[in-house]
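These notes concern the structure reproduced below.
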Amino acid sequence: DQRHTCPIQTPLYSNQAPPTLMQLARQRLLREENLIISTLEELPMGLLPAMFEEAFTDRRINILRAMVSAWPFPCLPAGTLIKDPHLEILKALLAGLDVLITEKAHPRRSKLRVLDLTNVHQDFWSIRAETQEGDRSPQAKRQKQPVEEICPNSGVKKRFKVVTDLELIKARFNKCETYLLQWAQQRKGSIHLCCRKLKIWDSPVFAALQIFKNIDLDCILELQLSQWSLEFMAQLFPYLEQMRNLHTLVLEGIPKPFRFAASAEQGWISMLLSQISKLPCLQNLYVYNIYFLTGCLEEWLRCLKTPLKTLSITDCRLSQSDLDYLSQCLNIRELRHLNLSGVVLSDSCPKLLGLLLARISSTLQTLELEECEMRDSHFIAILPALSHCFQLTKVNFYHNNISLLVLKNLLRHTAKLTKLAQELYPAPLECYEELRILRNKFKLLCPELLDILRAKRQPKKVSFSTRTCLDCFHSCFFDLEARLCLCPFQHI
Ligand SMILES: [Zn+2]
Ligand SMILES: [Zn+2]
């Protein structure tokens, strides 16, 4: 990273601006480790966030530890700086907190209450705004809110809070997570370990239960359960209702149990749906490759407490009655993101898709219908509603069956949607002969298609794509220029 090299060694062709006097001063200070540690209390507060970042990038363990214990702000969003989990850095951060937990002589200026290790937080640099004296911007004010507000129900008040995401994959946490969990366990009295996002992927029940028992379930905002078989997953369901602040639930890849009676299976499914219906804050539901969704979408959606913002049903099978229900479901009336990619719609009544879209046209921001086996009739059915989706920023219609005539019509409609920043369209059927891609035709047609959009607005990110070529297993793309499949050129 050139920002941290000595200015004299910075090559002339560097496009980085020359370091400012402040940067040079910080770099010089960082080299004087003992000096900086002994004078941390004296340094201007405004200097600390940038120094922390430099020390973090340069892995100056001793300085980091000292800075954590002398941190003069309530929150340290260190997670925004973590690119790859690094155990030595984590140890230094936690050792810094240990000073505050154990020692009686408290660093004078220390105000630290929250060490945030997640990277969904605000930009690390924005805490500088707060350090500028007299900053009364709304942004600075927001960051001065007491930390308790973000953590609604953590039970007993603890002195310090460490915010993190956790991923249990095949019964294992990574090195950093393992260390953090042990560290927090040993300091239970003073540390609230606040897990915001929990992913449990293909793990034995006991490992999942162990983590459920060791964290506050009401702090979890996002839960992902992947690759679980239903009979084991069912043992986790009773814990779901304790996740009172859960706003995002991801269920992924649940195979059908084969050894159990249908009644047991039905019992587990009912238990899951009843738990989901009790979640008071659920706003985003992602369901990927779940066999028992088919035919009971109404049961999934009818009893939700709040209208959904995101509904993603991908690689699942939906019945006609599911689509029928979806098109009139009240709980999707404020939907912002709809993804039905991989759901086969070829046999569904095109009218339903049009009704569905009409219901959510005022709020919808992203619409993904990739590989749905849609035909001309489906596209024609959604056009009237689509042209009223003025909030749309992304559409994805890749890999569907559309004729050139209807595609042109589709583009004339999307051309009026001025907020679209990303648009993915399928190549028209005219670009295929049987299963083969007519590459020259594709190359020839795409500029013409693009011009339909350009007649109304300047498209930001637009791409046309063919199906996968059966000879080379690549597709042809056209964004602003053609990227053809990898077959030798004599191939059509
Ligand atoms: Zn919490
Ligand atoms: Zn090819």
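How many angstrom lie between the Cα centre of segment 241-295 and the Cα centre of segment 26-91?
44 Å
Quick one, can you get me the convex hull of the C-alpha atoms of segment 224-269 expressed as volume per residue in Å³?
Measuring per residue, one finds 68 Å³ for the Cα hull of segment 224-269.
State the volume of the convex hull built on the alpha-carbon positions of segment 294-415, expressed per residue in Å³ and rounded to an integer. Each step should come with its number before you reach the end.
Values: hull volume 10.1 nm³, N = 122.
Roughly 83 Å³ of hull volume per residue.
Only sites in a loop by DSSP and with at most 13 other Cβ atoms within 10 Å count here; which chymotrypsin sites (Phe, Trp or Tyr not before Pro) in segment 246-285 make the cut?
258
Considering only DSSP states other than H, G, I, E and B, which chymotrypsin sites (Phe, Trp or Tyr not before Pro) in segment 379-463 qualify as loop sites with at most 15 other Cβ atoms within 10 Å?
In loop regions of segment 379-463 (DSSP not H, G, I, E or B), the sparsely surrounded chymotrypsin sites (Phe, Trp or Tyr not before Pro) are 390.
Measure nothing but the geometry: give the 0 to 90° angle between the long axis through the Cα atoms of 48-57 and the longest principal axis through the Cα atoms of the chain, rounded to 10°.
So the helix axis and the longest Cα principal axis differ by about 70 degrees.
How far, in degrees from 0 to 90, does helix 205-214 lean away from the longest principal axis of the Cα atoms of the chain, to the nearest 10?
Approximately 50 degrees, to the nearest ten.
Filter the trypsin sites (Lys or Arg not before Pro) in segment 53-88 down to the DSSP loop ones having no more than 16 other Cβ atoms within 10 Å, then list what survives.
Sites meeting the loop and neighbour criteria: 59, 83.
With N residues in the chain, what two-decimal value do you get for its Cα radius of gyration over 2.2 N^0.38 Å? Don't jump to the answer; show the numbers that get you there.
On the way: Rg = 27.2 Å, N = 492, 2.2 N^0.38 = 23.2 Å.
Output field value: 1.17.
Tell me, what is the percent relative contact order of segment 375-492, built from C-alpha pairs under 8 Å that lie six or more residues apart?
Once divided by the residue count of segment 375-492, the mean separation gives 24 percent.
So how far, in whole Å, is the C-alpha centre of segment 420-492 from the one of segment 184-215?
Here the two parts' Cα centres lie 48 Å apart.
Assign unit charges at the C-beta atoms only (+1 for Lys and Arg, -1 for Asp and Glu), then state the dipole size of the chain relative to its Cα centre in Debye, rounded to the nearest 20.
Here the size comes out at about 1160 debye.
Charges on Cβ only, +1 for Lys and Arg, -1 for Asp and Glu, centred on the Cα centroid of the chain; of 56, 346, 293, which one is farthest towards the dipole's positive end?
Sorting the options by dipole projection puts first 56.
Can you tell me the 0 to 90 degree angle between the C-alpha axis of helix 350-360 and the longest principal axis of the chain, rounded to 10?
For helix 350-360, the angle is close to 30 degrees.
Can you give the accessible area per residue of segment 375-492, in Å², using a 1.4 Å probe?
Ligands and nucleic acids excluded, the result is 50 Å² per residue.
Longer than 18 Å from Cα to Cα, which of 161/197; 111/175; 416/456 are they? Say none if no pair is.
111/175
Mind grabbing the base-10 log of I(q)/I(0) for segment 375-492 at q = 0.10, 0.18 Å⁻¹? Debye formula, identical points on the C-alpha positions, no solvent, two decimal places.
The Debye formula, applied to the Cα set alone, gives -0.29, -0.88.
Give the aspartates and glutamates whose C-alpha is closer than 13 Å to that of residue 91, dropping any in the same chain fewer than 8 places away, or say none.
177
How large a share of the accessible area of the chain, in percent, is made up of carbon and sulfur atoms when the probe is 1.4 Å and the other protein chains stay in place?
Its accessible area is 54 percent carbon and sulfur atoms.
The values are calculated or read from the model by the stated rules, or taken from the named source; none is laboratory data. Model, not experiment: these values are computed from the prediction. Note that each Cβ is placed from the backbone with ideal geometry, even for glycine, and that neighbours are counted across all protein chains shown. The protein model used for the area step is the full one, side chains on, heavy atoms only, and it has no ligands, DNA or RNA in it. Shrake-Rupley method; radii C 1.70, N 1.55, O 1.52, S 1.80 Å.
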